[in-house]
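In what follows, a structure is listed as C-alpha cells, so that the remarks can point back to it.
The values are calculated or read from the model by the stated rules, or taken from the named source; none is laboratory data. In this text the structure is predicted, and so the values were computed from the model without any measurement. Cβ placement follows ideal geometry from the backbone for every residue including glycine, while neighbour counts extend to all protein chains displayed. Surface areas here come from the heavy atoms of the whole protein model, side chains and all, with no ligands, DNA or RNA. Shrake-Rupley method; radii C 1.70, N 1.55, O 1.52, S 1.80 Å.
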Amino acid sequence: MPQPIYIIADNIVSPLGFTAAANVEQVVAGHTGIAATTIAGARPIDVCASIIPNHLLNSAVGYLADNYTRFEQLIIASITDAVKQSGINAASPRTAIVLSTTKGNIDMLHEGSYPEINPQRIYLASSAKAIAGHFNNPNAPIVISNACISGILAIIMAARLLRTGKYDYVIACGGDIINDFTASGFQSFKALSEVPCKPFDKDRTGLNLGEAFGTMVLTAAPTHGAVKVLGGAVSNDANHISGPSRDGSGLKVAIKAAVTASGIAAADIDTISAHGTATPYNDEMETIAFDDLGMGKVPINSLKGYFGHTLGGAGMVESIISAHALKGQQLIKTLGYSEHGVSRDVNIINQTKSYPLNTCLKTASGFGGCNAALILQQQ
Amino acid sequence: MSVPANIFTQVYIGKDAVLVNGLEVCKSAENNNLKDLLKGWYAELGIEYPKFFKMDHLSQLAFLGAEVLFRDADVLKQYASDEIAILLSNSSASLDTDKRYHETICSEEAYFPSPAVFVYTLPSIMCGEIAIRHGIQGENNFFVCDRFDFSLLLEQSDLLFSQTNTQVCLVGWVQVDGNDYELIMYLIERSKQQIAVVNSSQLSTYVTLD
C-alpha cells in the first residue's frame, strides 16, 4: 500500500462562506452561491454565476487590498485560515506551497486596475512569490496551470512531494477570479447556461462560472482522524483540445492509474465526485467512463450546482467538500439534477443523506484534453 | 534523482535557429517576425498538419519543438501511450495570447470574442497539442516559473518515475512574448544508468551519461 498522505486542515473561500465548515454547512443545507448577476466589461454579460461578494472579501481581508490583487487576497485569505487551523509554521523551509490557477491576475490586463501594485505581478510566478512572501515562506512556490484539473493536481503534487520526505508539510491551494475575460470566452464557446446548471440532467445546457478558493494543508505524518489522500493520476485524451473524447478513454486511463497508485481496487470506491460541469458533452463522457469501469451503481455527484465551475479552484474545493462528506458519512446531492439525462444508467445522488462511506474518487477534466483522478479515504 | 534516468535528446529553438543536440536542423533564418519563422520551419521540416495554422504562436513553437524531438528519438514506438509524460513550463503562461484575446473584448465597438482564440488562453493547451499529434495519453503538467528551472523539471520527472508507471518524460521551457521566444526541450528516460549532475548553464550542451 503506497504511503497515505493526511489532510490536517483545510479552507474554502466562496460566496457560501470563508471557512470549510461554513461551506460544508451551506452545501448540506442545499444552498448555492449561484445567482443571476452581471459581469462588468466593455459589453456587460448577464449570467448565472457564483461570485464572491466584495463586502465579504473586504471584511475578511480588506487590510490586504492596498498591496494585493483580488486573486491574491482570496488565496491569502484561504491559506491564512487553513494554516491557522493546522498550527503549522508556514515560514518553515520544510513547508512547501503548491498553487494552482488557470488565469491568476488576469484582471491586471485592464489598464489601471491596480495602480499601486507592481505590473510584473501579472506573471504568475511573481504573484505566487508575493503570496508566499506574505507568509514568509522561503521556498519558491510551485505554480501549476493545467486548465480545470489544476486544483486536483495541486493535491496530487503535494502527496507525491511529501512521499519523498523533502517537506514536512505542503500547503496546496487553488482558485480563480471570474471577470469579463473568462465569462466572454466561455460565452463564445456557447458553454454557459442561462439558468443555474443541471449536471447530468436531461435539460442541461451548460455551465455556470464561479469563484471559490480552497486550501489543504497536507503531511505524510500519520494523523488520527484526518482524511487520507491515497493517490492520484493525470492523463490526456490525445484527441481534441476543447472537447472531451466521446468514449471517455482518457479519463479511464487516469482513473485506472489513480486506483493503482492508491493500492486499492476499483470495487473499493464507494462514491464519486465527478467534474459534472453540466455541459452536454462532459457529463455524457464522464458517466460513460464510470460505467465502463464497472462503477454504474456507485453513487455519483457533481458539486458544480453549489459553486459553479471554479476553474483552478474546482478540483481543490470539490475535493475538500468530498473529504468532509467522507468524514461526515454523507452523500451530497447533485444540486440541479432532477431528470436523468445521460445515456448510461448510472447512480446520480439526488438526496443529501447519511450513508456509510470509506473511499471516494474525485475526477476532473479540462481544455487541452487533460484528466485527473484522486482517491480519498477516511480512517 | 531517486530513480536512475537518462537525458538523451535536447532541442533548442531560439535566435532564429532550430538545434537538435546542438546541430542545426533547419536552414538558418534571419527574420524578426516570429509568425513567419514558425511557418518557415513548419514548411522546411515537411510537416503536414493543417491544425498547426489554428494554433497560437506558443502552441506552434511547442509543436515544432516536440516534432523535431520525437523525430530524433524512437520513444513513441518503444513505450505505451500512457507511459510518456509531458512537463512544460514558462514564465509568461499564455500571456501573449491573453493580450490578443483581451483586445477582442475591451472595446464595445470592436467586440469580437472568438472560441478559436480563447481556447489558447491556457498555457497547458500546448501539452494537449503535443499529446494529440503524437498520441500521448500519460501524465502532463504545466509550471509557471520565473526562469527556466531544469532542476524543477528533473525533480518532477523523478516523482513520476518513482510513483507512476511513466517511463519517459518530455520536459522543457516554451516561452513566447510578442516576438521574443525561446524553447528548450529534453527527453528524460528511466534507465539503468545514473544521471550526470546537470548544470543549468550548460543549456546548449548535450548532456551525456557518465
(request) Report the residue count in region A:42-56 for those that are open to solvent by 30 Å² or more (accessible area, probe 1.4 Å), outside any helix (DSSP H, G or I) and of a type outside the set (A, V, I, L, M). (result) 4
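For every residue, the table says whether it meets (1) more than 10 Å from every other protein chain (Cβ to nearest Cβ); (2) farther than 26 Å from A:Ala254 by Cα; (3) part of a loop (DSSP other than H, G, I, E, B).
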position: A:Thr102; (1), (2), (3): no, no, yes
position: A:Asp107; (1), (2), (3): yes, yes, no
position: A:Gly112; (1), (2), (3): yes, yes, yes
position: A:Arg121; (1), (2), (3): yes, yes, no
position: A:Ala130; (1), (2), (3): yes, yes, no
position: A:Ile149; (1), (2), (3): no, no, no
position: A:Ala183; (1), (2), (3): no, yes, no
position: A:Lys198; (1), (2), (3): yes, no, yes
position: A:Thr205; (1), (2), (3): yes, yes, yes
(message) Looking at region A:311-348 only, could you name the residues that are assigned to a loop (DSSP other than H, G, I, E, B) and touching a Phe, Trp or Tyr at 6+ places or on another chain (Cβ under 8 Å)?
(response) A:Gln329, A:Thr334, A:Leu335, A:Tyr337, A:Gly341, A:Val342, A:Arg344, A:Val346
(request) Note down all Cβ pairs under 8 Å where the first residue falls in region A:35-48 and is farther than 20 Å from A:His110 by Cα, the second is acidic (Asp, Glu) and open to solvent by 30 Å² or more (accessible area, probe 1.4 Å), and they're at least six residues apart or on different chains. (result) A:Ala36/A:Asp46; A:Thr37/A:Asp46; A:Val47/A:Glu194; A:Cys48/A:Glu194
(message) What pairs come out if I take residues in region B:5-17 that are free of Cβ contacts under 8 Å to residues at least 60 places away in the same chain and pair them with residues that are part of a strand (DSSP E or B) and open to solvent by 10 Å² or more (accessible area, probe 1.4 Å) whose C-beta lies under 9 Å away, six or more apart or interchain?
(response) B:Lys15/B:Glu182; B:Ala17/B:Glu24
(message) If I go through region A:174-208 residue by residue, how many of them are β-branched (Val, Ile, Thr) and open to solvent by 10 Å² or more (accessible area, probe 1.4 Å)?
(response) 3
(request) Kindly establish whether A:Ile171 is surrounded by 23 or more Cβ atoms within 10 Å (Cβ to Cβ), away from chain B (no Cβ under 11 Å), part of a loop (DSSP other than H, G, I, E, B) and β-branched (Val, Ile, Thr). (result) no
(request) Could you grab me the full set of residues in region A:252-299 that are farther than 26 Å from A:Ser193 by Cβ, part of a helix (DSSP H, G or I) and among the β-branched types (Val, Ile, Thr)? (result) A:Val253, A:Ile255, A:Val259, A:Thr260
(request) Identify all residues within region B:35-82 that are of a type in the set (D, E, K, R), more than 17 Å from B:Val11 (Cβ to Cβ) and buried (at least 20 other Cβ atoms within 10 Å of the Cβ); write none if there are none. (result) B:Asp56, B:Asp82
(message) Which numbered condition in (1) in a helix (DSSP H, G or I); (2) more than 7 Å from chain A (Cβ to nearest Cβ) is the only one that B:Tyr120 fails?
(response) (1)
(request) Of the conditions (1) touching a strand residue (DSSP E or B) at 6+ places or on another chain (Cβ under 7 Å); (2) open to solvent by 40 Å² or more (accessible area, probe 1.4 Å), A:Ser59 clears all except one; give me its number. (result) (1)
(message) Where the second residue is assigned to a loop (DSSP other than H, G, I, E, B) and not aromatic (Phe, Trp, Tyr) and the first is within 15 Å of B:Glu139 (Cβ to Cβ) and more than 11 Å from chain A (Cβ to nearest Cβ) and lies in region B:77-97, which pairs have Cβ atoms under 6 Å and are six or more apart or on separate chains?
(response) B:Tyr79/B:Gln167
(message) Among the residues that make up region A:361-370, is at least one of them touching a residue at least 60 places away in the same chain (Cβ under 8 Å) and surrounded by fewer than 18 Cβ atoms within 10 Å (Cβ to Cβ)?
(response) no
(request) Return only the number of the condition from (1) more than 9 Å from chain B (Cβ to nearest Cβ); (2) open to solvent by 30 Å² or more (accessible area, probe 1.4 Å) that A:Glu211 does not satisfy. (result) (2)
(request) State whether one or more residues within region B:133-143 are more than 15 Å from B:Asp56 (Cα to Cα), part of a loop (DSSP other than H, G, I, E, B), open to solvent by 50 Å² or more (accessible area, probe 1.4 Å) and not basic (Lys, Arg). (result) no
(request) Considering only region A:289-324, state which residues are under 22 Å from A:Gln351 (Cα atoms) and in contact with an Asp or Glu (Cβ under 6 Å, 6 or more places away or on another chain). (result) A:Leu303, A:Ile320
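How many residues are part of a loop (DSSP other than H, G, I, E, B) and either out of contact with any Gly (no Cβ under 7 Å at 6 or more places or on another chain) or more than 25 Å from A:Asp292 (Cβ to Cβ) (or both) when one looks only at region A:207-243?
Total satisfying the criteria: 13.
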